[in-house]
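Below is one structure, written out as C-alpha coordinates; comments come after it.
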Amino acid sequence: MPEITPPDPPLSRGRVLVRPPRNGDVAAITAACQDPDIARFTRVPNPYTEDEATAFVELSRAGWEDGSTANFVGIDLHNGMLLGSCGLVLDPREDAAELGYWVVAEARGSGIATTMAWIVANYGLTTLGLQRLNLITSANNEASRRVASRLGFQLEGTMRSAHIDGRNGDRKAPRVDAEIWGLLPGELRDPDEDATDETEDSDE
(Lines give C-alpha, C1' and ligand atoms only; values in the text may rest on other atoms or scores of the structure.)
Protein backbone atom coordinates (compact mmCIF):
# COMPACT_ATOMS: atom_id res chain seq x y z
CA MET A 1 0.00 0.00 0.00
CA PRO A 2 1.45 3.44 -0.89
CA GLU A 3 1.95 6.11 1.75
CA ILE A 4 -1.35 7.90 2.21
CA THR A 5 -1.73 11.64 1.97
CA PRO A 6 -4.97 13.64 1.80
CA PRO A 7 -6.02 14.04 -1.84
CA ASP A 8 -5.13 17.45 -3.23
CA PRO A 9 -7.32 18.80 -4.66
CA PRO A 10 -10.06 17.23 -2.53
CA LEU A 11 -12.23 14.55 -4.12
CA SER A 12 -15.72 15.43 -5.30
CA ARG A 13 -18.69 14.08 -7.20
CA GLY A 14 -21.77 16.11 -8.04
CA ARG A 15 -22.56 18.39 -5.12
CA VAL A 16 -20.45 16.39 -2.64
CA LEU A 17 -16.83 17.18 -1.77
CA VAL A 18 -14.90 15.00 0.67
CA ARG A 19 -11.83 16.16 2.57
CA PRO A 20 -10.16 15.41 5.92
CA PRO A 21 -11.94 16.94 8.93
CA ARG A 22 -10.61 20.24 10.25
CA ASN A 23 -10.78 22.15 13.51
CA GLY A 24 -13.39 24.40 11.94
CA ASP A 25 -15.72 21.39 11.57
CA VAL A 26 -15.93 20.69 15.30
CA ALA A 27 -19.15 22.60 15.93
CA ALA A 28 -20.95 21.08 12.95
CA ILE A 29 -19.78 17.55 13.82
CA THR A 30 -20.89 18.02 17.42
CA ALA A 31 -24.34 19.20 16.34
CA ALA A 32 -24.76 16.38 13.81
CA CYS A 33 -23.84 13.68 16.32
CA GLN A 34 -26.63 14.65 18.70
CA ASP A 35 -28.84 12.58 16.38
CA PRO A 36 -29.85 9.36 18.18
CA ASP A 37 -29.90 7.44 14.89
CA ILE A 38 -26.18 8.08 14.39
CA ALA A 39 -25.53 6.71 17.87
CA ARG A 40 -27.83 3.79 17.13
CA PHE A 41 -26.15 2.57 13.95
CA THR A 42 -22.50 3.57 14.43
CA ARG A 43 -19.76 3.53 17.05
CA VAL A 44 -20.17 7.28 17.64
CA PRO A 45 -20.33 7.98 21.41
CA ASN A 46 -23.56 9.14 23.03
CA PRO A 47 -23.80 11.64 24.56
CA TYR A 48 -21.51 13.37 22.07
CA THR A 49 -19.66 16.50 23.17
CA GLU A 50 -17.40 19.05 21.57
CA ASP A 51 -14.47 17.23 23.16
CA GLU A 52 -15.42 14.06 21.21
CA ALA A 53 -15.54 16.05 17.98
CA THR A 54 -12.17 17.64 18.70
CA ALA A 55 -10.70 14.21 19.43
CA PHE A 56 -12.15 12.88 16.16
CA VAL A 57 -10.45 15.65 14.20
CA GLU A 58 -7.14 15.09 16.00
CA LEU A 59 -7.28 11.31 15.61
CA SER A 60 -8.15 11.71 11.95
CA ARG A 61 -5.12 13.92 11.43
CA ALA A 62 -2.93 11.38 13.21
CA GLY A 63 -4.46 8.56 11.16
CA TRP A 64 -3.47 10.21 7.92
CA GLU A 65 0.06 10.70 9.26
CA ASP A 66 0.60 7.12 10.45
CA GLY A 67 -1.40 5.39 7.71
CA SER A 68 -3.97 3.80 10.02
CA THR A 69 -7.08 5.65 8.85
CA ALA A 70 -8.29 7.83 6.00
CA ASN A 71 -11.16 9.84 7.42
CA PHE A 72 -13.17 12.37 5.44
CA VAL A 73 -16.10 14.69 5.99
CA GLY A 74 -18.60 15.37 3.23
CA ILE A 75 -19.29 19.00 2.37
CA ASP A 76 -22.10 20.36 0.20
CA LEU A 77 -20.44 22.35 -2.58
CA HIS A 78 -23.59 24.44 -2.97
CA ASN A 79 -23.76 25.86 0.56
CA GLY A 80 -20.77 24.57 2.56
CA MET A 81 -22.97 22.45 4.85
CA LEU A 82 -21.47 19.44 6.60
CA LEU A 83 -23.21 16.39 5.09
CA GLY A 84 -21.62 13.58 7.05
CA SER A 85 -18.48 11.56 7.51
CA CYS A 86 -16.96 8.63 5.64
CA GLY A 87 -13.66 6.88 6.18
CA LEU A 88 -11.45 3.85 5.93
CA VAL A 89 -9.81 1.95 8.79
CA LEU A 90 -6.76 0.57 7.03
CA ASP A 91 -5.11 -2.83 7.38
CA PRO A 92 -1.80 -2.46 5.51
CA ARG A 93 -0.79 -6.07 6.14
CA GLU A 94 -3.81 -7.35 4.24
CA ASP A 95 -4.11 -4.44 1.76
CA ALA A 96 -7.67 -4.06 3.04
CA ALA A 97 -9.85 -1.59 4.91
CA GLU A 98 -13.20 -1.27 6.66
CA LEU A 99 -15.50 1.41 5.25
CA GLY A 100 -17.81 3.36 7.56
CA TYR A 101 -20.05 6.40 7.20
CA TRP A 102 -22.82 8.52 8.70
CA VAL A 103 -25.01 11.28 7.28
CA VAL A 104 -26.58 14.28 8.98
CA ALA A 105 -30.33 13.98 9.47
CA GLU A 106 -31.09 16.90 7.14
CA ALA A 107 -29.30 15.26 4.20
CA ARG A 108 -30.78 11.76 4.37
CA GLY A 109 -32.90 10.44 1.56
CA SER A 110 -30.94 12.31 -1.10
CA GLY A 111 -28.23 9.79 -2.00
CA ILE A 112 -25.50 11.48 0.05
CA ALA A 113 -24.34 8.31 1.82
CA THR A 114 -24.05 6.48 -1.50
CA THR A 115 -22.08 9.33 -3.07
CA MET A 116 -19.69 9.75 -0.15
CA ALA A 117 -19.14 6.00 0.11
CA TRP A 118 -18.52 5.71 -3.64
CA ILE A 119 -15.92 8.50 -3.56
CA VAL A 120 -14.05 6.99 -0.61
CA ALA A 121 -14.34 3.38 -1.82
CA ASN A 122 -13.04 4.39 -5.25
CA TYR A 123 -10.14 6.24 -3.62
CA GLY A 124 -9.28 3.17 -1.57
CA LEU A 125 -9.42 0.75 -4.50
CA THR A 126 -7.65 2.94 -7.04
CA THR A 127 -5.31 5.43 -5.35
CA LEU A 128 -4.43 3.17 -2.40
CA GLY A 129 -4.62 -0.05 -4.40
CA LEU A 130 -6.62 -1.88 -1.73
CA GLN A 131 -7.54 -5.47 -2.52
CA ARG A 132 -10.64 -5.65 -0.34
CA LEU A 133 -13.11 -3.36 1.40
CA ASN A 134 -15.20 -4.57 4.34
CA LEU A 135 -18.48 -3.03 5.43
CA ILE A 136 -20.46 -4.07 8.50
CA THR A 137 -24.10 -3.03 8.83
CA SER A 138 -26.76 -3.68 11.43
CA ALA A 139 -29.22 -6.15 9.95
CA ASN A 140 -32.09 -3.75 10.64
CA ASN A 141 -30.42 -0.75 8.99
CA GLU A 142 -32.21 -1.05 5.65
CA ALA A 143 -30.84 2.23 4.35
CA SER A 144 -27.23 1.21 4.89
CA ARG A 145 -27.92 -2.21 3.36
CA ARG A 146 -29.21 -0.43 0.23
CA VAL A 147 -26.06 1.67 0.04
CA ALA A 148 -23.90 -1.45 0.21
CA SER A 149 -25.91 -3.21 -2.47
CA ARG A 150 -25.97 -0.23 -4.84
CA LEU A 151 -22.18 0.08 -4.64
CA GLY A 152 -21.63 -3.57 -5.46
CA PHE A 153 -20.75 -4.93 -2.02
CA GLN A 154 -21.55 -8.62 -1.65
CA LEU A 155 -23.31 -9.90 1.46
CA GLU A 156 -20.96 -12.56 2.79
CA GLY A 157 -22.20 -13.50 6.24
CA THR A 158 -24.02 -12.71 9.47
CA MET A 159 -22.66 -12.17 12.96
CA ARG A 160 -25.42 -13.13 15.36
CA SER A 161 -26.43 -10.62 18.03
CA ALA A 162 -23.32 -8.55 17.28
CA HIS A 163 -24.69 -5.01 17.61
CA ILE A 164 -26.49 -3.04 20.29
CA ASP A 165 -29.62 -1.49 18.79
CA GLY A 166 -29.13 1.77 20.65
CA ARG A 167 -26.40 4.05 21.90
CA ASN A 168 -22.97 2.58 22.58
CA GLY A 169 -22.71 0.71 25.83
CA ASP A 170 -26.45 0.61 26.55
CA ARG A 171 -26.82 -2.92 27.92
CA LYS A 172 -30.59 -2.48 28.23
CA ALA A 173 -30.97 -1.96 24.49
CA PRO A 174 -31.96 -4.94 22.32
CA ARG A 175 -29.31 -6.71 20.31
CA VAL A 176 -29.38 -7.26 16.56
CA ASP A 177 -27.44 -9.31 14.04
CA ALA A 178 -24.71 -7.62 12.02
CA GLU A 179 -24.04 -8.29 8.34
CA ILE A 180 -20.62 -8.59 6.72
CA TRP A 181 -20.26 -7.16 3.22
CA GLY A 182 -17.21 -7.33 0.97
CA LEU A 183 -16.04 -5.49 -2.13
CA LEU A 184 -13.13 -6.50 -4.36
CA PRO A 185 -11.34 -4.58 -7.14
CA GLY A 186 -13.50 -4.36 -10.24
CA GLU A 187 -16.77 -4.76 -8.30
CA LEU A 188 -17.48 -1.12 -7.38
CA ARG A 189 -20.63 0.04 -9.15
CA ASP A 190 -21.31 3.57 -10.29
CA PRO A 191 -24.57 4.50 -8.51
CA ASP A 192 -25.42 6.97 -11.27
CA GLU A 193 -25.79 4.00 -13.62
CA ASP A 194 -28.47 2.48 -11.37
CA ALA A 195 -31.38 4.90 -11.13
CA THR A 196 -33.85 2.32 -9.82
CA ASP A 197 -33.62 3.65 -6.25
CA GLU A 198 -32.66 7.29 -6.08
CA THR A 199 -33.27 7.68 -2.34
CA GLU A 200 -31.50 6.20 0.64
CA ASP A 201 -31.34 7.19 4.25
CA SER A 202 -28.17 5.73 5.66
CA ASP A 203 -26.90 6.40 9.15
CA GLU A 204 -24.05 3.94 9.21
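The values are calculated or read from the model by the stated rules, or taken from the named source; none is laboratory data. Predicted model only: the values in this text are computed from it and were never measured. Positions of Cβ are backbone-derived with ideal geometry, glycine not excepted, and every protein chain shown enters the neighbour counts. Just so you know, the surface numbers come from the protein's heavy atoms only, side chains and all, with ligands and any DNA or RNA stripped out. Shrake-Rupley method; radii C 1.70, N 1.55, O 1.52, S 1.80 Å.
Once the chain from residue 59 to residue 131 is taken as fully extended at 0.36 nm per residue, the excess over their C-alpha distance is 23.4 nm.
Scaled against the 2.2 N^0.38 Å expected of a compact globular protein of N residues, the Cα radius of gyration of region 65-114 reads 1.34.
Evaluated at q = 0.28 Å⁻¹, a Debye calculation over the C-alpha positions of region 141-184 (equal weights, vacuum) places log10 I(q)/I(0) at -0.97. Rounded to a whole number, what % of the accessible area of the chain do carbon and sulfur atoms account for, probe 1.4 Å? Carbon and sulfur together cover 48 percent of it. Summing charges over neighbours of residue 184, with a neighbour being any other residue whose Cβ is under 15 Å away from its Cβ, gives -4 when K and R count +1 and D and E count -1. If you take all other residues with their beta carbon under 14 Å from the beta carbon of residue 27, and give Lys and Arg +1 and Asp and Glu -1, the sum is -3.
Take the chain with all the other protein chains still there, run a 1.4 Å probe, and you get 48 Å² of accessible area per residue.
Once the convex hull of all Cα atoms in the chain is built, its volume per residue stands at 116 Å³.
Peptides 110-116, 86-92 ranked from most to least packed, by the mean per-residue count of other Cβ atoms within 10 Å: 110-116, 86-92.
For residue 189, the amide hydrogen comes within under 5 Å of the amide hydrogens of 152, counting only partners 5 or more places away or on other chains and with H modelled in the peptide plane.
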